[in-house]
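Comments concern the structure below.
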Ligand code: PAF
């Protein structure tokens, strides 16, 4: 795996790959590092979708709100590189902040409010502007043919796939399935913040979502009743839920009738200090 810390470096490496062996299908996996099996699964999937796998590691200040964990977000570069090498990444782009943002980023991608100001965006205003802006910038640097994003961040996937479609970027956006621990907890860089007691409690979030999925599949249509029951259950076990909601997969709006298409149940809740998110498609 070749590591590039500059924009010029990754561009030149991809150009010389092309010069040496002809056009290649480049598949890109952007990350913020602190990698776990979910990321590694994305990299393995990437290999099936193209010839050259490019990953990036960049902790993107723009998507953190003041007071969020930007400073203490774990930087585990050496361990991440070992995992990426094992997973078969060809090129890693790992710029410094000064390299990617040599001046304050004034030109940004502003996702529409109906995608970006609901759910995660309502709790974390501006988060998806930061995500969309850095991903678009990374796309312009790497020029991939395809890019993979995990569905654990379901709303992020909606924002980024919509951005690519509406801005006519010639990039295939590919979803990666959520990878779970054997007890159901969705893998996340933030799981590392859980105390042992919180880690033992954490799979309840997945269990509550699974119970909603089973109830809907069995014919229950009182969405509010299902959502409130899960919220009450979480609260009674020490969680502070931000939301548990049933939404349409297509636009994350509340279901309105038989033409809604597939649904998804999404949740975000604090367990002590860490804030966990999860979702299951119904
Ligand atoms: O999902 C993430 O890790 C980040 O939001 C992303 C897509 C790498 C942008 O910083």
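Every number in this text was worked out from the coordinates using simple rules, so none of it is lab data. All values reported here derive from a predicted model rather than from experimental measurement. Reconstructed Cβ throughout: ideal geometry from the backbone, glycine too, with neighbour counts over all protein chains shown.
Odds and ends about this structure:
- Ranking of 173, 134 by neighbouring Cβ atoms within 10 Å, starting from the fewest: 173, 134.
- Each residue, residue 166 and residue 2, gets one label point 7 Å from its Cα in the Cβ direction; the gap between the two is 3.6 nm.
- Calculated FRET value between residue 225 and residue 37, using beta carbons and R₀ = 41 Å, to 0.05: 0.70
- Computed from the alpha carbon atoms alone, the convex hull of region 128-282 holds 126 Å³ per residue.
- Projected onto planes of every orientation and averaged, the convex hull of the alpha-carbon atoms in region 1-122 covers 9.2 nm².
- If R0 is 51 Å, the Cβ-Cβ spacing of residue 210 and residue 98 corresponds to a FRET efficiency of close to 0.70.
- Pairs of alpha carbons in the chain whose separation is greater than 24 Å (percent): 52 percent
- Principal axis extents of the C-alpha atoms in region 1-62 (largest first, rounded to whole Å): 33, 27, 19.
- Taking max minus min of the alpha-carbon positions on each principal axis, region 137-176 gives extents of 25, 18, 15 Å, largest first.
- Rounded tilt (10° steps) of 127-142 against the dominant C-alpha axis of the chain: 30 degrees
- FRET E, pair residue 183, residue 61, Förster distance 41 Å, beta-carbon r, rounded to 0.05: 0.80
- Ordering 4, 145 from the fewest to the most neighbouring beta carbons within 10 Å gives 145, 4.
- When Rg and the Kirkwood radius Rh are both evaluated on Cα atoms of region 160-214, their ratio Rg/Rh stands at 1.17.
- Bridge type composition, the chain - antiparallel percent by DSSP, nearest 5: 45 percent
- Highest-fluctuation residue, 192, 150, 130 considered, GNM on the chain with Cα pairs under 10 Å: 192
- Relative to one another, the C-alpha centroids of region 242-282 and region 28-81 are positioned 24 Å apart.
- With eigenvalues of the C-alpha gyration tensor scaled by 5 and rooted, region 53-110, Å: 24, 15, 10
- With both labels modelled 7 Å from their Cα along Cα-to-Cβ, the residue 68 to residue 44 distance reads 2.9 nm.
- Share of pairwise Cα separations in region 187-240, more than 12 Å, in percent: 69 percent
- Rounded if a/c under 1.5, otherwise prolate or oblate - region 51-182, Cα gyration tensor axes: rounded
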